[in-house]
Amino acid sequence: MPTRHLHVPFAVIGGGLGGTAAAVTAARLGLRVVLTEPTEWLGGQLTSQGVPPDEHEWIDSQRISPSYSELRTRIRDHYRREYPLTDRARATVTLNPGAGFVSRLCAEPRVAHLAIREMTSPLEAAGLLTVLTEHVPVGAERDGDRLTAVRLIDRRGGDEVIIHAELFADATELGDLLELGGVAHVIGAEGAAETGELHAPEVADPRDQQAVTWCAALELRPGETHVIDRPASYERWRTTVPSFWPGPQLSWVDVEPITLERRERPLFAGRPADAVDSDDLDLWHYRRILARRMMREDWPGHDVTLVNWPQIDYWDRPLLGVRPVDAQLALRETRELTLSFIHWVQTEAPRSDGGAGYPELAPRGDVMGTADGLAKAVYVRESRRIRALFTVTEEHIGREMRGENAGSALFEDSVGIGFYRIDLHPSTAGRSYVDIDCFPFQIPLGALIPRDTVNLLAANKNIGSTHITNGAYRLHPVEWSIGEAAGALAVFCSKRRTRPDAVHADLRVRGEYQRLLSGTLGIALAWSDEIRTGGSRSEGVVTAR
């Protein structure tokens, strides 16, 4: 079959939350967009990677991003329409289908995918949005300081598609377009001499990359047996003790991220396996995505939880800056670790009610869109990051560096707001957690624009953040806001026939773009001073892991 060529004003490569937000925003504003995604599902960390949204305590009460609020509402409304909820659950405005305590909206990845496709459907029907799922970027063409085309391969049949666009957004999970297009970028940890950050390592280390995780869904089926085959590498994970970890990963023992003290959290905290709820910080209720107690008594289903726990963080090998064969080995070992942990939980794990093993736990592949219960894709916490016009450092948002009540830095070029702790998981360089407090922050436009490429925007975890601040800017609502701002900027630049860096440089023009964000789209560009300087000292939701 001949190569297919597509010509559009705006191409978004990568269909995670940032990419979806960029494409939906631009298409709703009238720009023709192509959105590509290597898996079958749009939504990235929320769907194909399986992680319930890690959000802040004001997500249901403050005007932040109307389109992100719309996505959350669509997820809740799906449950109200289609599920046999109890009257109490149906009437709860802030419905949490899984009643998990890591998020105010613990829901099945499959349902989040359906909600996203509800948002894209009318745009696709109108011809404003073309969605190419299962398309992997493999090459990029460049002319001076401009990208001119991106080449993709359809995973289903090997057909080639070349997209030509005036503007591109890299919204891939690992910043693939940065490498393919020769865009200046950073991998791993910068050194303290470069960034001045309190918690940066003394010397830059490209191999210092956060652990990745291959998530899984498990259903609790009392009285049944669903033990999976023992993985070939099981004994490795069962016996190896990392230098910074208190024991093997196949254990209920892990590390408290803030203090780095040893802790033990069982699957069920002193309750029987069929407990309907728990106030204890056990693992089952931590990321439960479907709660039996939310349904009427005649519903035949059971609890389902999302396994994204410290025990399945993979830190042995980095994904970036290595040979493709080594990256593929890392991904294969990540899956083997998760399967080994599931087998251990089913067969050997100490039970809170006595004995060993929970054979009644069944992998739920349908919830994840797979056959084996694992997510479609690995959960990525850290990407390649552009050398941006402006880079956010710990000095701009960190509570310790800025002072107890100083608040975050104010950015005149703000394009959105967000909040999360600076949360770095153990890394492939042998470093343990870095989990420190920060203030509610803004997203500066300069962080979305590369220094050396005039028609590319960063629309995911690949913005101008550091290894440290990435830990706060990588979460679901922030990623959406980054993509939303990129999509609106693409429209603004297309209509004005200007470049992103020119918008950033001209105070008057930048102000017009910001009015598009705050006025037409209703996006909040600043926190109130009370929230910005105070933040949250007592977490309303448990910090995500």
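The values are calculated or read from the model by the stated rules, or taken from the named source; none is laboratory data. Just so it is clear, the model here is predicted, and its values are computed rather than measured. As a convention, Cβ positions derive from the backbone with ideal geometry for all residues, glycine included, and neighbour counts pool all protein chains shown.
Can you name the strands (runs of 3 or more DSSP E) wholly within segment 114-229 that have at least 2 residues being of a type in the set (Ser, Thr, Tyr)? Show your work before the answer.
Details: elements: 129-133, 135-143, 146-154, 160-170, 216-220.
Because the criterion is at least 2 residues that are of a type in the set (Ser, Thr, Tyr), the strands (runs of 3 or more DSSP E) in segment 114-229 that meet it are 129-133.
So in segment 308-343, with the set limited to residues that are hydroxyl-bearing (Ser, Thr, Tyr) and assigned to a helix (DSSP H, G or I), which one is nearest to residue 205 (Cα to Cα)? Show your work before the answer.
Narrowing segment 308-343 to residues hydroxyl-bearing (Ser, Thr, Tyr): 314, 334, 338, 340.
Next, only the ones that are assigned to a helix (DSSP H, G or I) stay: 334, 338, 340.
Numbers: 334: 22, 338: 27, 340: 30 Å.
The qualifying residue nearest to residue 205 (Cα to Cα) is 334.
Inspect all residues belonging to segment 424-437 and state whether any of them is buried (at least 20 other Cβ atoms within 10 Å of the Cβ), among the β-branched types (Val, Ile, Thr) and part of a loop (DSSP other than H, G, I, E, B).
Yes, segment 424-437 contains a residue that is buried (at least 20 other Cβ atoms within 10 Å of the Cβ), among the β-branched types (Val, Ile, Thr) and part of a loop (DSSP other than H, G, I, E, B).
Condition first: surrounded by fewer than 21 Cβ atoms within 10 Å (Cβ to Cβ) and in a helix (DSSP H, G or I). Now tell me which residues in segment 374-399 satisfy that.
Matches in segment 374-399: 395, 399.
Residue-by-condition table, conditions (1) buried (at least 19 other Cβ atoms within 10 Å of the Cβ); (2) touching a strand residue (DSSP E or B) at 6+ places or on another chain (Cβ under 8 Å); (3) not β-branched (Val, Ile, Thr):
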| site | (1), (2), (3) |
| --- | --- |
| 108 | yes, yes, yes |
| 111 | yes, no, no |
| 135 | yes, yes, yes |
| 144 | no, no, yes |
| 150 | yes, yes, no |
| 161 | no, yes, no |
| 167 | yes, yes, yes |
| 195 | yes, no, no |
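Do we have residue 455 as over 21 Å from residue 401 (Cβ atoms) and crowded, with 24+ Cβ neighbours inside 10 Å here? Working first, answer last.
Numbers: over 21 Å from residue 401 (Cβ atoms): yes; crowded, with 24+ Cβ neighbours inside 10 Å: no.
No: the conditions fail for residue 455.
If you check residue 503 against the conditions, is it over 23 Å from the mean Cα position of the chain (by Cα), of a type in the set (Val, Ile, Thr) and in a helix (DSSP H, G or I)?
Taking the combined requirement at face value, the residue satisfies it.
Would you be able to say whether some residue in segment 331-343 is within 22 Å of the chain's Cα centre (by Cα), buried (at least 16 other Cβ atoms within 10 Å of the Cβ), within 16 Å of residue 228 (Cβ to Cβ) and of a type in the set (Val, Ile, Thr)?
Yes, segment 331-343 contains a residue that is within 22 Å of the chain's Cα centre (by Cα), buried (at least 16 other Cβ atoms within 10 Å of the Cβ), within 16 Å of residue 228 (Cβ to Cβ) and of a type in the set (Val, Ile, Thr).
So residue 90 fits all but one of (1) in a strand (DSSP E or B); (2) surrounded by fewer than 17 Cβ atoms within 10 Å (Cβ to Cβ); what number is the exception?
(1)
When segment 248-288 is examined, which residues are found to be over 26 Å from the mean Cα position of the chain (by Cα), loosely packed, with under 15 Cβ neighbours inside 10 Å, at pLDDT 90 or above and part of a loop (DSSP other than H, G, I, E, B)?
If the condition is that a residue be over 26 Å from the mean Cα position of the chain (by Cα), loosely packed, with under 15 Cβ neighbours inside 10 Å, at pLDDT 90 or above and part of a loop (DSSP other than H, G, I, E, B), then 261 is the only one that fits.
With respect to the numbered conditions (1) of a type outside the set (S, T, N, Q); (2) loosely packed, with under 14 Cβ neighbours inside 10 Å; (3) at pLDDT 95 or above, which one is the sole condition not fulfilled by residue 540?
Against the list (1) of a type outside the set (S, T, N, Q); (2) loosely packed, with under 14 Cβ neighbours inside 10 Å; (3) at pLDDT 95 or above, residue 540 comes up short only on (3).
Being among the hydroxyl-bearing types (Ser, Thr, Tyr) and either more than 30 Å from residue 255 (Cα to Cα) or under 12 Å from the mean Cα position of the chain (by Cα) (or both) is the filter here; which residues of segment 430-489 pass it? Full working, then the answer.
So in segment 430-489, the residues among the hydroxyl-bearing types (Ser, Thr, Tyr) come out as 432-433, 453, 465-466, 469, 473, 481.
Listed by number, the residues that qualify are 453, 473, 481.
Residue-by-condition table, conditions (1) of a type outside the set (Gly, Ala, Ser); (2) closer than 29 Å to residue 302 by Cβ; (3) in the same structural domain as residue 162 (by TED's automatic domain parsing); (4) surrounded by fewer than 24 Cβ atoms within 10 Å (Cβ to Cβ):
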site: 21; (1), (2), (3), (4): no, no, yes, no
site: 33; (1), (2), (3), (4): yes, no, yes, no
site: 38; (1), (2), (3), (4): yes, no, yes, yes
site: 45; (1), (2), (3), (4): yes, yes, yes, no
site: 61; (1), (2), (3), (4): no, no, yes, yes
site: 69; (1), (2), (3), (4): no, no, yes, yes
site: 74; (1), (2), (3), (4): yes, yes, yes, yes
site: 100; (1), (2), (3), (4): no, yes, no, no
site: 104; (1), (2), (3), (4): yes, yes, no, yes
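Between residues in segment 214-238 that are in contact (Cβ under 8 Å) with a residue 60 or more places away in the chain and surrounded by 15 or more Cβ atoms within 10 Å (Cβ to Cβ) and residues that are part of a loop (DSSP other than H, G, I, E, B) and of a type in the set (Asp, Glu), which pairs lie under 6 Å by C-beta distance while being six or more apart or on different chains?
Filtered contacts from segment 214-238: 220/303; 221/360.
What is the one condition in (1) surrounded by fewer than 16 Cβ atoms within 10 Å (Cβ to Cβ); (2) basic (Lys, Arg); (3) more than 24 Å from the chain's Cα centre (by Cα) that residue 402 does not satisfy?
(1)
Is segment 138-149 home to any residue that is closer than 28 Å to residue 215 by Cα and not hydroxyl-bearing (Ser, Thr, Tyr)? Give the derivation first.
Initially, segment 138-149 is screened for residues closer than 28 Å to residue 215 by Cα, giving 138.
Then drop every residue that is not not hydroxyl-bearing (Ser, Thr, Tyr), which leaves 138.
Yes, the conditions are met somewhere in segment 138-149.
Going by the conditions given, is residue 321 at positive phi, in contact with a Leu (Cβ under 9 Å, 6 or more places away or on another chain) and touching a residue at least 12 places away in the same chain (Cβ under 8 Å)? I'd like the intermediate steps shown before the answer.
Values: at positive phi: yes; in contact with a Leu (Cβ under 9 Å, 6 or more places away or on another chain): no; touching a residue at least 12 places away in the same chain (Cβ under 8 Å): yes.
Against the criterion (at positive phi, in contact with a Leu (Cβ under 9 Å, 6 or more places away or on another chain) and touching a residue at least 12 places away in the same chain (Cβ under 8 Å)), residue 321 does not qualify.
Of everything in segment 335-380, what is without any contact (Cβ under 8 Å) to a residue 40 or more places away in the chain and basic (Lys, Arg)? Give them in sequence order.
Residues satisfying the conditions do not exist here.
Among the residues of segment 440-489, which ones are closer than 20 Å to residue 166 by Cβ, part of a helix (DSSP H, G or I) and either small (Gly, Ala, Ser) or not assigned by TED's automatic domain parsing to the domain that holds residue 168 (or both)?
483, 485, 486, 487, 488
Looking only at segment 366-386, which residues are farther than 12 Å from residue 48 by Cα and touching an Asp or Glu at 6+ places or on another chain (Cβ under 7 Å)?
Hits for segment 366-386 are 383, 384.
What are the residues in segment 477-535 that are acidic (Asp, Glu) and surrounded by fewer than 17 Cβ atoms within 10 Å (Cβ to Cβ), if any?
Pass one, segment 477-535, residues acidic (Asp, Glu): 479, 484, 501, 506, 512, 529-530.
Passing the criteria: 506, 512, 529, 530.
Which of the residues that make up segment 100-128 are modelled with pLDDT under 95 and farther than 14 Å from residue 75 by Cβ?
101, 102
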